[in-house]
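Enquirer: Have a look at this one before I ask anything.
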Amino acid sequence: MKHLAYKDKKLRKNYAKIENSRAIIKMLLNNHFISDKTKIVLTYKLNQLVKQSSITKIRNRCVYTSRGRSVNRKFHLSRSQTRDFFLMGIVPGFKKAVW
């Protein structure tokens, strides 16, 4: 299970590193004032960027248990860990509902 967390962390790191260069190249490609030859070169550079750095490859995982299913986006915790933290009072503003 830890190797999945390591793999996810590595993918996030690669995505953050390449995200800026990908955004700059796309912005330049949308510019209407550059020549066709420059657009071909920029398209080639965009295709050469690492495909493993895609945002779709990144999976939300629990920070504590590395669980890949039912992870809360706001807290990055699985449902079981979220429940435990709420009950212990670690997350402020939440308490057990009493009817």
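Enquirer: Just one of (1) outside any helix (DSSP H, G or I); (2) at pLDDT 80 or above trips up Arg22, so point out which.
Expert: Of everything listed in (1) outside any helix (DSSP H, G or I); (2) at pLDDT 80 or above, Arg22 misses just condition (1).
Enquirer: Next up: Kindly list, by first and then second residue, each pair from a residue in segment 70-99 that is in contact (Cβ under 8 Å) with a residue 40 or more places away in the chain and closer than 27 Å to Arg12 by Cβ to a residue that is of a type in the set (A, V, I, L, M, F, W, C) and outside any loop (DSSP other than H, G, I, E, B), limited to pairs with Cβ atoms under 6 Å and residues at least 6 apart or on different chains.
Expert: Listed by first residue and then by second, the contacts come to nothing, as the list is empty.
Enquirer: Which ones in segment 45-81 are within 20 Å of the chain's Cα centre (by Cα) and of a type in the set (Ser, Thr, Tyr)?
Expert: Ser53, Ser54, Thr56, Tyr64, Thr65, Ser66, Ser70, Ser78
Enquirer: Going by the structure shown, is Lys45 out of contact with any helix residue (DSSP H, G or I) (no Cβ under 9 Å at 6 or more places or on another chain) and without any contact (Cβ under 8 Å) to a residue 40 or more places away in the chain?
Expert: Spelling it out, it is not the case that Lys45 is out of contact with any helix residue (DSSP H, G or I) (no Cβ under 9 Å at 6 or more places or on another chain) and without any contact (Cβ under 8 Å) to a residue 40 or more places away in the chain.
The values are calculated or read from the model by the stated rules, or taken from the named source; none is laboratory data. Fair warning: this is a prediction, and the values are worked out from it, not measured in the lab. Cβ: placed from backbone, ideal geometry, glycine included. Neighbour counts: every protein chain shown.
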